[in-house]
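Just below is one structure, and these are the notes that go with it.
The values are calculated or read from the model by the stated rules, or taken from the named source; none is laboratory data. In this text the structure is predicted, and so the values were computed from the model without any measurement. Neighbour counts run over all protein chains shown; Cβ positions are idealised from the backbone, glycine included.
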Amino acid sequence: MRVSHGQFRTGLFSSEGRTAFIHRRRFASALLAGFVLVAIAVAAPESSPIPRGATSIHYAPAENLERIDVALIDQAQREIDMAAYVLTDWPVMQALSRAARRGVKIRIYLDYGRIGQRDPSAPFMDLLDNPDIEIGLKRAGAPLMHLKSYQIDGAILRTGAANFSASGLKKQDNDLIIVENPAAAAEFKRRFEEIFAGSEPLPAEAHDRRMKFFEAGTG
């Protein structure tokens, strides 16, 4: 028996036909969605992205970055891990000494190449003489340790282009970035642990006030 075009359309879109057709469409859509979810799960990276936190950016010389660093260090309660290509700014070093006297655990990682020909400043000698401050050097002959960053209490990360020098914090065109995010601070600390583990201790003569370091105006 031949079925006319009109009879075919009537049969397909009868009540029973429409119901069956809708069920098949829903099943196909659900199956496709399942495949998509599985594909996303397989392609997803193992680690979650760092969530966004409060971030502020400051610029010298329009702003006095030295005051910002000192204020950050003064609020530390437990720990500071600092990687400093240049560390010659007196107020910053004095703030680190104050933090150590409050019981804050401080580790400082410096570039060996910054050892120079001038006598170390009094604030730097205070850091050397403090038994609660651990200082390490990147080994001689290695590529530069060019970071200008620190983390505070596992909660705040300070980074940016500004060296910890009077000129770098107040005179040069530099930026200072503050990220108030535990995940960002933890990521920096993870890297800090790696590089600090390979550091060299300061030579004994440094503690006898005979080691010479570059002073302000060099970076």
*Which residues, counting only those in segment 63-83, are crowded, with 22+ Cβ neighbours inside 10 Å and closer than 16 Å to LEU127 by Cβ?*
ASP69, ILE73, ALA76, ILE80, ASP81, MET82, ALA83
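Can you work out which of the residues in segment 144-162 that are in a strand (DSSP E or B) and not polar (S, T, N, Q) is surrounded by the fewest Cβ atoms within 10 Å (Cβ to Cβ)?
Kept after step one, since they are in a strand (DSSP E or B), are these residues of segment 144-162: 148-152, 156-160.
Right, trim to not polar (S, T, N, Q) and you get 148, 150, 152, 156-158, 160.
Numbers: LYS148: 24, TYR150: 29, ILE152: 23, ILE156: 22, LEU157: 25, ARG158: 23, GLY160: 18.
Among those that are in a strand (DSSP E or B) and not polar (S, T, N, Q), it is GLY160.
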_Given the condition modelled with pLDDT of 95 or more, over 23 Å from the mean Cα position of the chain (by Cα) and among the small types (Gly, Ala, Ser), answer yes or no: does some residue in segment 148-163 qualify?_
no
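Do we have any residue at all in segment 186-195 that's of a type in the set (Val, Ile, Thr), on the phi < 0 side of the Ramachandran plot, loosely packed, with under 15 Cβ neighbours inside 10 Å and in contact (Cβ under 8 Å) with a residue 12 or more places away in the chain?
First pass over segment 186-195, keeping only residues of a type in the set (Val, Ile, Thr): 195.
In the following step, the residues that additionally are on the phi < 0 side of the Ramachandran plot were identified as 195.
Then drop every residue that is not loosely packed, with under 15 Cβ neighbours inside 10 Å, which leaves 195.
Still in the running and in contact (Cβ under 8 Å) with a residue 12 or more places away in the chain: 195.
Among the residues of segment 186-195, at least one is of a type in the set (Val, Ile, Thr), on the phi < 0 side of the Ramachandran plot, loosely packed, with under 15 Cβ neighbours inside 10 Å and in contact (Cβ under 8 Å) with a residue 12 or more places away in the chain, which makes the answer yes.
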*So how many residues does segment 138-167 have that are among the basic types (Lys, Arg) and closer than 20 Å to ARG67 by Cβ?*
2
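Considering segment 127-143 alone, what residues qualify as being assigned to a loop (DSSP other than H, G, I, E, B) and either free of Cβ contacts under 8 Å to residues at least 12 places away in the same chain or not hydrophobic (A, V, I, L, M, F, W, C) (or both)? Please lay out each step first, then the result.
Pass one, segment 127-143, residues assigned to a loop (DSSP other than H, G, I, E, B): 130-132, 139-143.
ASN130, PRO131, ASP132, ARG139, GLY141, PRO143 - these are the residues of segment 127-143 that are assigned to a loop (DSSP other than H, G, I, E, B) and either free of Cβ contacts under 8 Å to residues at least 12 places away in the same chain or not hydrophobic (A, V, I, L, M, F, W, C) (or both).
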*Somewhere in segment 75-94, is a residue in a helix (DSSP H, G or I), over 22 Å from ILE135 (Cα atoms) and modelled with pLDDT of 95 or more?*
no
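Among what's in segment 163-185 and is more than 18 Å from GLN75 (Cβ to Cβ) and of a type in the set (Asp, Glu), pick the residue that is surrounded by the most Cβ atoms within 10 Å (Cβ to Cβ). Steps first, answer last, please.
As a first pass, look at segment 163-185 and keep what is more than 18 Å from GLN75 (Cβ to Cβ): 163, 165-168, 170-175, 183.
Still in the running and of a type in the set (Asp, Glu): 173, 175.
Working: ASP173: 10, ASP175: 14.
That would be ASP175.
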